[in-house]
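Reviewing the structure listed below.
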Amino acid sequence: MTDTTTKHSAQIGVAARVRGWLVRSAPPPAVSLTPEKLRERFALNSPPLVAELYASALRGISDETARLSRLDSKATSLLTAAGLSVAVATALVARSGIAAGLGPAWIAVFLLALAAGFAAAACAVAALFVRDQSAPHVDAMLDETTLQESNAADTDDDGKSPFALMVYQKRLAPHYWSVVLRQQPVLARKARWVKRGQACFLAFLFVLFVICIRAGWTLVSG
């Protein structure tokens, strides 16, 4: 009975780890907040709350822009490293006479390593592929109706009514959040290409390392 219980607990633990891995590796859920729903959410009358949500949207745009820059930098580094590594490995094998001592089977393994290197470079190119980037639009920020309604809400003589700014932020915040939500799946797709490229490049380096050990052993034993 104890062995059965232990085996069942182990199976539950393995299933839980698999589910956790699937959740972590699954793509992000589709965005459900449409521009219409965003405008409905901002039907608020609290200036501090609107200001906080507006600031959060601006921080979101800044974070997504920084993330885009980091991913492009990683993809560029991956493309450079993969391209140079494949070129150097091919030149060394072709000119050093290592290929003659490896045999057909190891030559096939080397070709697989080259394929992994080319795949890493291809993934980097896919990550760097230029797509339509979402950004705040000047027409939304300088919309005539929004500016007029915000100006009309300024009822203070000194022109510092918090409601005037709130009206403007209420109109702009949904636009900013829609920019963030449109950008997130684009960056998630770019990150997946970078991750695949890194995996291919690591496979290329590992196989190349094994081939180098094999070639060294052949030279020493020969």
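The values are calculated or read from the model by the stated rules, or taken from the named source; none is laboratory data. For clarity, every value in this text was computed on a predicted model and none was experimentally measured. With ideal geometry, Cβ positions are generated from the backbone for all residues, glycine too; neighbour counts draw on all protein chains shown.
For Ser46, indicate whether it is at pLDDT 90 or above and of a type outside the set (A, V, I, L, M, F, W, C). Step through it out loud before you land on a result.
Working: at pLDDT 90 or above: no; of a type outside the set (A, V, I, L, M, F, W, C): yes.
Judged against the criteria, Ser46 is not a match.
Taking Leu187, is it closer than 21 Å to Leu58 by Cβ, buried (at least 17 other Cβ atoms within 10 Å of the Cβ), modelled with pLDDT of 90 or more and within 24 Å of the chain's Cα centre (by Cα)?
yes
Are any of the residues in the range 200-216 surrounded by 13 or more Cβ atoms within 10 Å (Cβ to Cβ), at pLDDT 90 or above, of a type in the set (A, V, I, L, M) and part of a helix (DSSP H, G or I)?
Yes, the range 200-216 has at least one match.
Please work out if Val31 is surrounded by 10 or more Cβ atoms within 10 Å (Cβ to Cβ), of a type in the set (Val, Ile, Thr), in contact with a Leu (Cβ under 8 Å, 6 or more places away or on another chain) and at pLDDT below 55. Write out each step before concluding.
Details: surrounded by 10 or more Cβ atoms within 10 Å (Cβ to Cβ): yes; of a type in the set (Val, Ile, Thr): yes; in contact with a Leu (Cβ under 8 Å, 6 or more places away or on another chain): yes; at pLDDT below 55: yes.
Yes.
When you scan the range 45-64, do you find a residue that is out of contact with any Cys (no Cβ under 9 Å at 6 or more places or on another chain), aliphatic (A, V, I, L, M) and within 18 Å of Ala199 (Cβ to Cβ), even just one? Talk me through it step by step, then tell me what you get.
Going through the range 45-64, the residues out of contact with any Cys (no Cβ under 9 Å at 6 or more places or on another chain) turn out to be 45-64.
With aliphatic (A, V, I, L, M) added as a condition, the list becomes 49-51, 53, 55, 57-58, 61.
Then drop every residue that is not within 18 Å of Ala199 (Cβ to Cβ), which leaves none.
No, the range 45-64 contains no residue that is out of contact with any Cys (no Cβ under 9 Å at 6 or more places or on another chain), aliphatic (A, V, I, L, M) and within 18 Å of Ala199 (Cβ to Cβ).
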